[in-house]
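Asks: Below you will find the structure I want to go over with you.
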Amino acid sequence: MSGSTIRIDIEGVEFGYSANPVLKNINLSVNGPQLLSIIGPNGVGKSTLIHCINKILSPTKGVVYIDGQDVASTTLKELAKKVGYVPYASSDAFPLSVVDTVLMGRHPHSNWKSLDHDLDVVYETLRLINIEHLAMRSFDELSAGQHQKVMLARGLVQEPKVLLLDEPTSNLDIKHQMEVTRIMRDLSQEKGILVIMISHDLNIAAKYSDHMIMLYDGGVYAAGTPEEVLTAENIKTVYGVESDVIMSHGRPHIIMLDPLFDDNIKPLDDDVYVSSDNRVVDRMERDTIVRNVLKEPARGVTD
Amino acid sequence: MSENLHSDSLVERYHHLTMRKLLVLVVSVIGVIIVVGLFSVSAYDNISLMEAYRIIWDHIMGVEYEPRTTEWWADRFIWNTVMPRIVAAIVAGASLAAAGALMQALMNNPLADPYSTGISSGACFGAIVALVLGLTITSTSGQSGMIVNAFVGAMIPVGVVILISKRMPLSPAALILVGTALSYFFSSMVTYLLVITDADTLQNAYIWQVGTLDTIVWSSIPMMVVVTAVGSAFVMLLTRQLNVLSLGDANAKTLGLDVEKFRVVCLIVMAIMTASIVCFTGTIGFLGLVAPHLVRILVGSDNKFVVPISMAVGSFILVLADYIAMTISDVPVGVVMSIIGSPIFFLLILWQKKGYGTVY
Ligand SMILES: Nc1ncnc2c1ncn2[C@@H]1O[C@H](COP(=O)(O)OP(=O)(O)OP(=O)(O)O)[C@@H](O)[C@H]1O
Ligand SMILES: [Mg+2]
């Protein structure tokens, strides 16, 4: 699909809850349909940034433009036709059926006569992410992963040009994580939409994203292709985690290292281990060392 | 087109569920009709149930009877003694249930209703001020002074809520707390007024505070009907938005709903609906909670169905309660509502589906 392209420009955005600043001077331009991942440690302000894009929050300073239009002067209704949002969690004080829940994503587009068409869109979307069998179930009787897929479907039926996803695969198993992320990536190409996804799974994000943004200390620490963003140094600074970054199928793949664990104990075979001072130890002694490393003395074992 | 086959069956299944929901609506309407018949028979002993229906039907169709025949007397009795309170019960039941359903959706809280948010108590306070002190906002006294006072009283909690939410975002739970605080305040003011008044006024004011349909006359009806019809039509037009609101404020915004403005407009409409009932019947409790709860258990939480079906169920419950109040013990209907309402409400909580409704 060609034609109209989509862009988001974020200029000098600042935001803080009450006195404490979360986002400090965010500058960012995203141009064209793609899958873009936002990564960064807990509490860095990823969700907050997304809320500034879809007007749940208003930045205290700076401007967000979508296709050149200032979000602050766009009505919620207009914005809802362009920007879809899949939250991390959803209220279910009054749970509806899955169909009705997903149908609500049609709200910005629907009118009195559109119900049957809307139902068709809902059905196609449920099929796309393989949950059509859940259609008539009640939203509050689903597993966490099914829940998450239904909310994703609600975002998709909104048919937005920009789709904001807050950790959309956090409850999914590895197969469905890959499947959903791949579908998002394919949709961005097929329908020409800009999918912005917050993720804590760096490897999945690296595998499918066109670009990545790494947030740190209220600002954009790194932005670019996965290969540019996911370097061992960046990961060390932002997450404080040692890692080896290897290339796999043309994408960076992170092997996380834990000096507290990996360097002390190296498995040799089933029952024999090498400790950090290169002694060969048996399973029982290994377990004792592990407990000591974790600062949790084993009960009944004396030094 | 085989691809669309499944989609068609989804559309079909969806509409099939709609039919089941209509069934609940029809059953409660039939319930109302049955109680209307029983009511009429009890008003005039010498007729059978079928005769009662025929007489009511004839009256509606404009048939005139020979004066002083049994039918003529029955017609006069039914129409002048029980019909005003039946109509009032139907209208008030529908209105209070709609207001309850609206409030619950607005606050995203199954415990919200005009009572738990202080609106009824505000209206009650306004009306009691007129009744006891003779103080009215307008220069008119008597019934119309009471009506105006009730409106003004109902708007006080709404105004407080709106003012607070302008200064800081109010969570649904905080709104309920504000409402509860306000309703305690108004209740104690009402108690104070009842303490200082004379015995006759006390009796009237007290019965009215409990909630009664005894005092309804035909002239009370038009205003109740008009406000209820306009108000509930307005609510029906907004059921989609009410559903969207159930996703929580942030999500509703991202689906294009201006949450704050929507909530203020709906609160005002609800205050007007509540006041128009309260100033004629007094405060009748539980209906705004029981009817929507029952309906949600039967047909689910889609407001497109919850609102109209709650109105029908609300009418049925209030007519039935008033019938019981009149025939069995001649107590104010508010007492009967509380006596049957609280155990029903208790049962509903026990029966409700696991996970249904977050109670704060
Ligand atoms: N409603 C709120 N009121 C006050 N502070 C908040 C609120 N929401 C978030 N914060 C704070 O703002 C900071 C950024 O929060 P945000 O939710 O954006 O983080 P995040 O990057 O999405 O984290 P996570 O990976 O854990 O989801 C955190 O320090 C958090 O404690
Ligand atoms: Mg977050």
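The values are calculated or read from the model by the stated rules, or taken from the named source; none is laboratory data. All values reported here derive from a predicted model rather than from experimental measurement. Cβ sites come from the backbone with ideal geometry, for glycine too, and all protein chains shown count toward neighbours.
Asks: Examine region A:61-80 for a residue that is away from ligand 1 (no atom under 12 Å from the Cβ), of a type in the set (D, E, K, R) and closer than 25 Å to A:ASP217 by Cβ, and state whether such a residue exists.
Replies: yes
Asks: Could you look through region A:37-78, keep only residues that are within 16 Å of ligand 2 (Cβ to nearest atom) and assigned to a strand (DSSP E or B), and pick out the one that is nearest to the other protein chains (Cβ to nearest Cβ)?
Replies: The qualifying residue nearest to the other protein chains (Cβ to nearest Cβ) is A:ILE38.
Asks: Then there is this: Residues to consider are B:ILE277, B:ILE339, B:ILE344; find the one that is away from every other protein chain (no Cβ under 14 Å), free of Cβ contacts under 8 Å to residues at least 12 places away in the same chain and aliphatic (A, V, I, L, M).
Replies: Every option except B:ILE339 fails the conditions.
Okay, residues lined up against (1) at pLDDT 90 or above; (2) more than 16 Å from ligand 1 (Cβ to nearest atom):
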site: A:PHE94; (1), (2): no, yes
site: A:VAL99; (1), (2): yes, yes
site: A:SER114; (1), (2): no, yes
site: A:GLU124; (1), (2): yes, yes
site: A:GLU141; (1), (2): no, yes
site: A:GLN146; (1), (2): yes, yes
site: A:GLY155; (1), (2): yes, yes
site: A:LEU164; (1), (2): yes, no
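Asks: Within region A:17-41, how many residues turn out to be within 13 Å of ligand 1 (Cβ to nearest atom) and free of Cβ contacts under 8 Å to residues at least 60 places away in the same chain?
Replies: 4
Asks: Out of all the residues in region A:122-138, which are buried (at least 21 other Cβ atoms within 10 Å of the Cβ) and more than 8 Å from chain B (Cβ to nearest Cβ)?
Replies: A:THR125, A:LEU126, A:LEU134
Asks: Only one of these is surrounded by fewer than 18 Cβ atoms within 10 Å (Cβ to Cβ) and touching a residue at least 40 places away in the same chain (Cβ under 8 Å): A:GLU190, A:GLU167. Name it.
Replies: Result: A:GLU190 is the single residue among A:GLU190, A:GLU167 that is surrounded by fewer than 18 Cβ atoms within 10 Å (Cβ to Cβ) and touching a residue at least 40 places away in the same chain (Cβ under 8 Å).
Asks: Given (1) without any contact (Cβ under 8 Å) to a residue 12 or more places away in the chain; (2) within 26 Å of B:PHE316 (Cα to Cα), where does B:GLY134 come up short, assuming only one miss?
Replies: Here B:GLY134 clears every test but (2).
Asks: Enumerate the strands (runs of 3 or more DSSP E) found wholly within region A:206-303, keeping only those where 1 or more residues are modelled with pLDDT under 75, touching a helix residue (DSSP H, G or I) at 6+ places or on another chain (Cβ under 8 Å) and on the phi < 0 side of the Ramachandran plot.
Replies: A:265-267, A:272-275, A:280-282
Asks: Go through region A:159-215 residue by residue and tally those that are more than 16 Å from ligand 2 (Cβ to nearest atom) and polar (S, T, N, Q).
Replies: 6
Asks: Condition test on B:ALA92, is it closer than 25 Å to B:GLN241 by Cβ and modelled with pLDDT of 90 or more?
Replies: no
Asks: Here is a follow-up. In region A:1-36, how many residues are more than 14 Å from chain B (Cβ to nearest Cβ) and either part of a strand (DSSP E or B) or within 16 Å of ligand 2 (Cβ to nearest atom) (or both)?
Replies: 25
This table checks each residue for (1) in a helix (DSSP H, G or I); (2) closer than 19 Å to B:ILE216 by Cβ; (3) within 14 Å of chain A (Cβ to nearest Cβ).
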| site | (1), (2), (3) |
| --- | --- |
| B:LEU257 | no, no, yes |
| B:MET273 | yes, yes, no |
| B:ILE284 | no, yes, no |
| B:GLY288 | yes, no, no |
| B:LYS304 | yes, no, yes |
| B:PHE316 | yes, yes, no |
